[in-house]
Structures are given as C-alpha cells and as structure tokens.
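Read through the structure below, which is laid out as structure tokens, and then see the notes.
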Amino acid sequence: MTHGLTMLTLLASLGGVGAAMADEGCSVPMTDWQPPESVQRMAEKQGWTVRRIKIDDGCYEIRGLDASGRPVEAIVDPATLKVVSLEYQDEDRGGSGPSAPNGAVPKNGVAVPGPVATPTED
C-alpha cells in the first residue's frame, strides 16, 4: 500500500513538470496564427534568407541566414510574428547561443538583428 501511494505521488509530481515544460512554448490558438507566407515575408523584411520554417512548441521556428550571412535561428510568435528568441549559430566552433551582432550578449538575452559592428582603432 505504501508503494502505491509513493508511486501516485511521484506520477502526480511528474505531471506538474510536464505541464510546466509545455508552458515554455507559444500558447496561441491555431485560429489566430498567421500563415507561413507571412512568416517568410517578415523574415525577408529583416534581411534574412530563410532556409526552413517549422512549428516547434507552438511557435514558428525560422532557420536561415541573417543579412550578413551568419546562420540564425529565430523563434516567432505565430499570432504577432514578433521574435521571441534569436540565436546566432557559430559554425566555426560548433556552438550556438544568444549573441548580439557585435558579439556582446544583451541583458535580456535576445539579440536584435542588424549589421555586424567592426571594431575600429583610434
């Protein structure tokens, strides 16, 4: 009997974890989604070359190249088409992570697309 209660408690706690993980994605009803063609146009207005648009955790995920040719992965709210997160992929080192175009990580962890800043000497 004790094992049964322990198992029920464990399963109940795991259910809460699953629900919390599901909340990390976008939570927009499909009736409010903009079509993939709109996502494509939004990305092109940013100067991106789109390689792939897919749906992941209820959000649009764009993979492609930014205006300077760097690989980029963006998570986009399907209703507003606002960029939820943006990661520049570092092909040389095999890693990825949020980074600003000049290499600095902004305080909010989300980079804004733009031209790459080059250091100048005085």
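Every number in this text was worked out from the coordinates using simple rules, so none of it is lab data. Just so it is clear, the model here is predicted, and its values are computed rather than measured. Backbone-built Cβ (ideal geometry, glycine too); neighbour counts: all protein chains shown.
Annotations
- Matching residues, the stretch 59-81, being assigned to a loop (DSSP other than H, G, I, E, B) and within 16 Å of residue 35 (Cβ to Cβ): 77, 78, 79, 80, 81
- Total residues in the stretch 36-50, condition assigned to a loop (DSSP other than H, G, I, E, B) and farther than 18 Å from residue 84 by Cβ: 1
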